[in-house]
Amino acid sequence: MAVNVVAIDGPAASGKSSAARLLAEALPGSVYVNTGSMYRAVAWKARRLGLDPKNPDPEKLASLLESTSMRFVPTPEGRELEVDGLLPGDELRTEEISAGASAVATIPAVREKLVQWQREMAEGNRIVMEGRDIGTVVFPDAKYKFFLTASPEERARRRLIQDGGNPSEEEIARVAAEIAARDKADSSRAVAPLRRAEDAVLIDNTGMTLAETVELLCEKIRRKVVLPYRVPYADTDQMGVVYYANYFEYFERFRNELLRACGYPYRVLEQEGIAMPVIEAVCRYKASARYDDELDITGFFAEASGVKVKIVCRIYRAGQLLVEGHTVHACVDMKTGRPTRPPRFVRDLLEPEN
Ligand code: CDP
Ligand code: CDP
């Protein structure tokens, strides 16, 4: 698992770059990487060499990349992409280069090279990387994955305001329709389509300020508990896969760590007179785990109502969801044997399921 990577994906104007930049500032020692600017830089360089970035020739682009260097360097305006020793800056954001970036981004040889560079950027660094395929292709094993989105109208409003306008409702509706069409094209393209990784946290920030979005990301990062687990032979059955009932034990291992990370190991809860027996357990099997697989077991407190607490658990292998389920617990006062309200800290930590 890449514990040093925060991956942020999402459609245009969902706030990825603004949120990723601020998040990197909030996480000590982290650097921010905007991968969209790398695709833009390919289009920019192609144009400088007299090629048409909107109708790129895959072979010419592949050889162009052989003699290209890209790195992010600190500048007074923040970290910027340096291409072959030059700083293209705002030249990357023209309409022609935006369209060119979308076109070059569909060429597998281009993606392969940029993905390789993006992976190298994480070596020895803590990074917050944003784009379209970071959680799905570049770092499928990133510990922290987010998918930001907002309604097309909200995103249209943001883009128009960002471009210095005071947009009318007609303008917003027109740009929202364009954005919705681009979302569809990005999500249905054959090469690295835009999609939420199964283990990415979905954040719809419609109606949220940028500061609220960043605060929410920080909170999700602080709360994330992932238990690594290597499958031993003892857990597998005659078919060579993890025996179905063992996943309930994995759920328990995770719950134990979740409570510990919250500062309330189950042992302490019991010492304080609270037991949390399981009254419901559900498990859905999507793919099998085998001997020696390295699993990531994660989850969260999903509900607390009356005396019940629901804990969702999900089990992944290299970013692929294998199993998901939940347990429901009744909180019981051990002295009287009567049901009691869940501890306060649980109610403070609830996260909606997505
Ligand atoms: O990188 P991406 O295209 O996803 O979006 P962005 O350039 O970071 O954000 C587009 C604009 O929306 C910026 O001006 C942000 O400040 C603004 N924004 C916002 O107003 N509220 C948010 N929750 C997120 C972004
Ligand atoms: O700012 P905006 O969201 O409009 O675009 P960007 O993030 O600067 O990305 C420019 C183009 O590169 C977009 O059309 C994306 O489809 C493409 N891209 C991609 O295919 N994969 C990435 N990881 C990042 C960007």
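Structure notes:
- Neighbour cut-off at most 13 other Cβ (10 Å), DSSP loop, chymotrypsin sites (Phe, Trp or Tyr not before Pro), the stretch 217-254: Tyr243, Tyr244
- In this structure, the amide hydrogen of Val226, modeled 1.01 Å from its nitrogen in the peptide plane, lies closer than 5 angstrom to no residue at least 5 positions away or on a different chain.
- For the chain, the alpha carbon convex hull comes to 168 Å³ per residue, rounded to a whole number.
- About the Cα centre, charge dipole magnitude for the chain (Lys/Arg +1, Asp/Glu -1 at Cβ), debye: 600
- Shown here for the stretch 241-334: trypsin sites (Lys or Arg not before Pro) in loop regions (DSSP other than H, G, I, E, B) with at most 14 other Cβ atoms within 10 Å, namely Lys286.
- Each residue of the stretch 295-306 was assigned a 3J(HN,Hα) from its phi angle through the Karplus expression (A = 6.51, B = -1.76, C = 1.60, θ = phi - 60°), giving 9, 10, 10, 9, x, 6, 6, 9, 8, 9, 9, x Hz with x at Gly and Pro.
- Oblate is the label for the stretch 198-322, because a/c, from the alpha-carbon gyration tensor with a ≥ b ≥ c as root eigenvalues, is 1.5 or above and a/b does not exceed b/c.
- Using 0.36 nm per residue and subtracting the Cα-Cα separation, the extra length available between Thr340 and Asp204 on full extension is 45.5 nm.
- Degrees separating the helix 16-26 axis from the principal Cα axis of the chain, which is the longest one: 60
- Principal-axis analysis of the Cα atoms of the chain puts helix 169-188 at an angle of about 80° to the longest axis.
- Each of Ala177, Val138, Gly100 was scored by the projection of its Cα onto the charge dipole of the stretch 54-177, and the greatest displacement toward the positive side belongs to Val138; charges sit on the C-beta of Lys, Arg, Asp and Glu.
- Helix 210-223 axis, angle to the chain major axis (alpha carbon atoms, nearest 10°): 40
- Counting lysine pairs in the chain that sit 8 or more residues apart in sequence, or on different chains, and whose Cα atoms lie under 13 Å apart gives 7.
- GluC sites (Glu not before Pro) restricted to the stretch 205-277 and DSSP loop, no more than 14 other C-beta within 10 Å: Glu272
- Karplus-derived 3J(HN,Hα) values for the stretch 107-116, using 6.51 cos²θ - 1.76 cosθ + 1.60 with θ = phi - 60°, are 8, x, 5, 5, 4, 4, 5, 5, 4, 4 Hz; glycine and proline are entered as x.
- Derived scalar couplings ³J(HN,Hα) [the stretch 325-341; Karplus, 6.51 cos²θ - 1.76 cosθ + 1.60; whole Hz; x for Gly, Pro]: x, 7, 10, 10, 10, 9, 7, 10, 6, 5, 6, 9, x, 9, x, 9, 5
- FRET efficiency for Leu49 and Gln162, using Cβ-Cβ distance with R0 set to 35 Å, rounded to 0.05: 0.70
- Accessible surface, 1.4 Å probe, highest first, among residues Ser63, Ser98: Ser63, Ser98
The values are calculated or read from the model by the stated rules, or taken from the named source; none is laboratory data. Because the structure is a prediction, the values reported are computed rather than measured. Quick reminder, even Gly has a Cβ in these numbers, built from the backbone with ideal geometry, and neighbours come from all protein chains shown. All accessible areas refer to the heavy atoms of the entire protein, side chains included, with ligands and DNA or RNA removed. Shrake-Rupley method; radii C 1.70, N 1.55, O 1.52, S 1.80 Å.
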